[in-house]
Amino acid sequence: MAEGYSGYNEKLSEKKTVLVTGAAGFIGSHLCRKLLDLDHRVIAIDDFSSGSYKNLEEIQDNIQIIEHDIRTPIDIQCDEIYHLACPASPKYYQKDPIKTIETSFLGAKNTLEIAKKNKAKIFFSSTSEIYGDPKQHPQKETYLGSVNTVGPRACYDESKRLSETLFMEYSNLFGVDIRIGRIFNTYGPFMDKDDGRVISNLICQSLQDKPLTIYGDGLQTRSFCYVEDLIEAILAFMNQDECKGPMNLGNPEEISIKELAEKIIAMSCSSSEIKFHPLPKDDPQLRCPDISKAKNILGWQPKISLEQGLGKTINFYKQALVIDDVSVNSN
Ligand code: UDP
């Protein structure tokens, strides 16, 4: 572990009113729980289109929940903002691409307006998708990306790219205190089992002894960060003033999707087989963050290995599937 990393918990202990947009989503709900642990007041905004109320159930009495579509302006008093609102799974963001573009761009603008008015520091959850199908590997923040502007992923990729520009212009023009974090593939408990992303799909299939769906030949790679590590990185990033970003936040442990599937089958003692399906258009062949910047500036690096994280995630889905089974059978 790099040095200096543990300091942020202490520094954050000053009580703040913190707004989280997209709070009912996978990462948003983890962040809300952590902010509560750090004794902040949490205001959670979500329109519950891809996020789930269930994710906030456990903490609902301790936070303020506002059901709101971030495409519409809203006025909220706060000291700090984490702007996460936007569907992030290809399955969801491609369902209504115009809405995705609006949510991403108008959501960024409306949230930046809150930051400007309140002089609040604001974190923007950008994405590794802004690198597209990268020609540089691993990806450094200086790499400008390779995105197909008219492909099926463009509604997400391009609107996130434009939002980064918007954040930078609010910083340049109005002095808004921004942090742009480029989040790479993240996984862990509380990702919806029907989210459509690879780890939730493969674990749920494996636990049910169903065939594991691999798109393409499975030789494409991703680098998966356990959600607790990511949350630590986001908080550490917010709690320093040296760098406003963009900064890659992710785990550089790279694995092919086929190896991932084999690992999940073995770890969940499953009798599932692998079934290959066509590769979706513009599916990136490689993805791995260069996290030197985060290591140097934040003194952060992931602590949880893929095996450890998968173990915890498999346990979570084991329980989630049992609960679902019970409720189906009792209906
Ligand atoms: N993938 C797969 N099977 C699935 C879901 C996804 O093989 O059931 C592949 C997908 O084509 C991509 C990788 O796994 O190459 C990661 O997909 P995911 O949707 O999790 O995130 P992405 O990084 O593509 O946004």
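Just a few scattered comments:
- Qualifying residue in the range 273-287 (condition: more than 13 Å from the ligand (Cβ to nearest atom) and either in contact (Cβ under 8 Å) with a residue 12 or more places away in the chain or within 18 Å of the chain's Cα centre (by Cα) (or both)): yes
- The range 257-272, subset of a type outside the set (Ser, Thr, Tyr) and within 13 Å of the ligand (Cβ to nearest atom), residue surrounded by the fewest Cβ atoms within 10 Å (Cβ to Cβ): Glu259
- The single condition among (1) surrounded by 16 or more Cβ atoms within 10 Å (Cβ to Cβ); (2) closer than 30 Å to Thr165 by Cβ; (3) in contact with a strand residue (DSSP E or B) (Cβ under 9 Å, 6 or more places away or on another chain) that Gln285 does not satisfy is (1).
- Complete set of residues in the range 187-202 that are more than 8 Å from the ligand (Cβ to nearest atom) and out of contact with any strand residue (DSSP E or B) (no Cβ under 9 Å at 6 or more places or on another chain): Pro189, Phe190, Met191, Asp192, Lys193, Asp194, Asp195
- Where a residue in the range 193-214 is within 21 Å of Ser52 (Cα to Cα) and part of a loop (DSSP other than H, G, I, E, B) and its partner, wherever it lies, is within 8 Å of the ligand (Cβ to nearest atom) and of a type in the set (D, E, K, R), with Cβ under 8 Å and at least six apart: Asp195/Lys91; Gly196/Lys91; Arg197/Lys91
- Residue in the range 57-64 that is out of contact with any His (no Cβ under 7 Å at 6 or more places or on another chain), crowded, with 24+ Cβ neighbours inside 10 Å and among the acidic types (Asp, Glu) present: no
- Residue within the range 97-118 that is farther than 17 Å from Tyr156 by Cβ, assigned to a strand (DSSP E or B) and under 20 Å from the mean Cα position of the chain (by Cα) present: no
Laboratory data are not the source of any read-out in this text; all were calculated from the coordinates shown. Here the structure is a predicted model, which means the values were calculated and not measured. Because the Cβ atoms are built from the backbone with ideal geometry, glycine has one as well, and the counts that use them run over all protein chains shown.
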